[in-house]
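Engineer: Handing you this structure, nothing more for now.
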Amino acid sequence: MQLKGDQLGAHLERELRPLYVLYGDEPLLVLEAADAIRKKARQQGYSEREVLTALPGFDWNQLLAAGGNLSLFGDRKLIDLRIPNGKPGKEGSSALQAWCQNLSADNLLLITLPELDWKEEKAAWFIALASAGVAVKLNAPPLAELPGWIAGRLRRQQQSADPESLGFIAERVEGNLLAAHQEIQKLALLYPTGKLSPEQVRDAVLNVARYDLDGLREALLLGDLTRFKRTLDGLMHEGEALPLILWALTEEIRALATVRTGLDRKLPLDALLRDAKVWGPRQSAFKKALQRLNSGELTQGLTQAASIDKTIKGIGQGKIEEALLRLGLDLCQPQSAARNRR
């Protein structure tokens with residue numbers, strides 16, 4: 001079954017299938033859709049969750065093992081499989097097709113992928129997944145439709161704005177949904193429910209002193225701990241959504257881990273950066289991070305991120321801000337930084 005992003009909510013109200021595939025060019029929408037499925041799964045008794053990240057060299061037997069490891073307490077399990085490069089390979093393709101032939105109500109498989117091209121959507125493994133479960137394509141709305149998208153988000157927080165103000169926000173964020181999401185959340189923090197005046201919208205959006213997620217990601221890549229801490233403090237003070245902060249950091253760590261694994265296997269850096277969708281000016285900061293971090297440190301970073309994710313969702317312990325800062329410290333100033341590495 002193939003669904004559009006805006007159809008997922010109604011679908012989940014009716015039913016929950018044992019297999020979901022989320023993919024597209026907009027990470028915010030993929031993140032929100034995954035959260036909605038995880039929430040529904042918890043309501044349906046899927047109390048256990050196992051996260052698998054299929055980086056290059058991933059042992060696909062882990063997926064089959066995760067599905068076969070039954071809980072001692074008979075709890076249902078959600079298996080959260082992430083394929084950062086969108087390419088499971090020959091072994092992964094076989095494992096995914098085998099999974100589709102043996103779906104179980106005791107296991108819910110949630111697969112998240114990046115944007116796929118038309119060739120990948122016609123691959124045997126993807127066709128098998130979409131046929132056996134529910135595939136949801138989550139792309140950013142065209143620029144002309146962005147004001148309507150913003151209006152819908154404002155309605156969720158019981159606010160509204162005139163068409164001119166909606167167009168103004170859309171123009172300022174230049175099609176970036178994460179930036180739009182931040183601006184919409186800021187409006188909820190600054191003003192009460194009801195209709196927003198054009199002056200209120202402009203005052204909020206034109207406040208360029210705010211900290212942003214892109215700055216946090218850049219500080220992490222550059223190893224600038226002072227800037228990382230300052231930006232994190234600013235985001236926390238502004239009330240930025242914790243899942244978004246964690247998502248921004250985790251996506252960078254996953255991309256670094258994927259490229260680092262490829263480098264360890266003597267694959268060409270340019271091809272690895274292209275596959276990881278690292279373009280333009282970001283490449284310089286990304287390469288600096290690769291010089292600083294090894295595979296073990298990046299794997300540990302993903303483990304820390306998974307632990308923080310549990311805490312955010314209320315199933316872990318600890319102070320979230322301290323955990324995020326520790327994650328930044330470990331990656332900005334790793335123990336191995338003093339070693340000379342190629």
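The values are calculated or read from the model by the stated rules, or taken from the named source; none is laboratory data. None of these values were measured; they are calculated from a predicted model. Please note: Cβ atoms are built from the backbone with ideal geometry, for glycine as well, and neighbour counts cover all protein chains shown. All accessible areas refer to the heavy atoms of the entire protein, side chains included, with ligands and DNA or RNA removed. Shrake-Rupley method; radii C 1.70, N 1.55, O 1.52, S 1.80 Å.
Engineer: In Å², and per residue, what accessible area does the chain have when probed at 1.4 Å with the other protein chains present?
Structural biologist: Values: 17110 Å² over 342 residues.
Computed with neighbouring chains in place, this is 50 Å² per residue.
Engineer: Follow-up. Under 22 Å Cα to Cα from LYS90, which lysines show up? Leave out anything in the same chain fewer than 8 places away.
Structural biologist: Answer for LYS90, where 22 Å is the Cα cut-off: LYS119, LYS122, LYS266, LYS277, listed by chain and number.
Engineer: What helices does the chain hold that run 27 Å or longer along their axis, going by alpha-carbon atoms, with a Kyte-Doolittle average of -0.5 or more, using DSSP H for the helix calls? Present the calculation step by step, with values, prior to reporting the outcome.
Structural biologist: Numbers: long enough: 242-264 (33 Å, 0.73).
Counting only whole DSSP H runs, the qualifying helices are 242-264.
Engineer: Could you sort GLU13, GLU322, GLU297, GLU251 by their accessible area in this structure, using a 1.4 Å probe and putting the largest first?
Structural biologist: Working: GLU13 150, GLU322 115, GLU297 35, GLU251 60 Å².
Largest accessible area first, the residues go GLU13, GLU322, GLU251, GLU297.
Engineer: Still on this structure, I have one more. What's the magnitude of the charge dipole for the chain around its Cα centre, counting Lys and Arg as +1 and Asp and Glu as -1 at the beta-carbon? Answer in Debye, nearest 20.
Structural biologist: Values: 45 positive and 43 negative charges, 166 e Å.
Around 800 debye, computed over the chain.
Engineer: Continuing with this model, one more query. Between rounded, prolate and oblate, where does the chain land on the alpha carbon gyration tensor, with a ≥ b ≥ c its root eigenvalues, rounded for a/c under 1.5, else prolate if a/b exceeds b/c?
Structural biologist: oblate
Engineer: Explain nothing, just the number: dipole magnitude of region 106-216 about its Cα centre with +1 on each Lys and Arg Cβ and -1 on each Asp and Glu Cβ, in debye rounded to the nearest 20. All intermediate terms of the calculation are to be shown ahead of the outcome.
Structural biologist: Values: 11 positive and 15 negative charges, 62 e Å.
Taking the Cα centre of region 106-216 as origin, the dipole is about 300 debye.
Engineer: Could you order TYR20, TYR191 so the one with the most accessible surface comes first? Probe is 1.4 Å.
Structural biologist: Values: TYR20 0, TYR191 50 Å².
The most accessible residue leads, giving TYR191, TYR20.
Engineer: Okay, moving on. Tell me, what % of the accessible area of the chain is carbon and sulfur with a 1.4 angstrom probe? Could the numbers behind the result be given before it?
Structural biologist: Numbers: 8630 of 17110 Å².
With neighbouring chains kept in place, the figure for the chain is 50 percent.
Engineer: Suppose every K and R has +1 on its Cβ and every D and E has -1 on its Cβ; what is the size of the dipole of region 134-189 about the Cα centre, in Debye to the nearest 20? Please report the intermediate quantities before stating the final value.
Structural biologist: Details: 6 positive and 6 negative charges, 63 e Å.
In total the dipole reaches around 300 debye.
Engineer: Could you tell me which of rounded, prolate or oblate describes region 1-110, using a ≥ b ≥ c as the square roots of the eigenvalues of the alpha-carbon gyration tensor, with rounded for a/c under 1.5 and, failing that, prolate when a/b is larger than b/c and oblate otherwise?
Structural biologist: Values: a/c = 1.74, a/b = 1.10, b/c = 1.59.
Oblate, because a/c is 1.5 or more while a/b does not exceed b/c.
Engineer: Rank HIS237, HIS11, HIS181 by accessible area, highest first, at a 1.4 Å probe radius? Show your work: numbers first, answer last.
Structural biologist: Values: HIS237 160, HIS11 0, HIS181 30 Å².
If we order HIS237, HIS11, HIS181 from most to least accessible, we get HIS237, HIS181, HIS11.
Engineer: What's the local net charge at ARG282, with K and R +1, D and E -1, over the other residues with C-beta under 10 Å away?
Structural biologist: Local net charge: 0.
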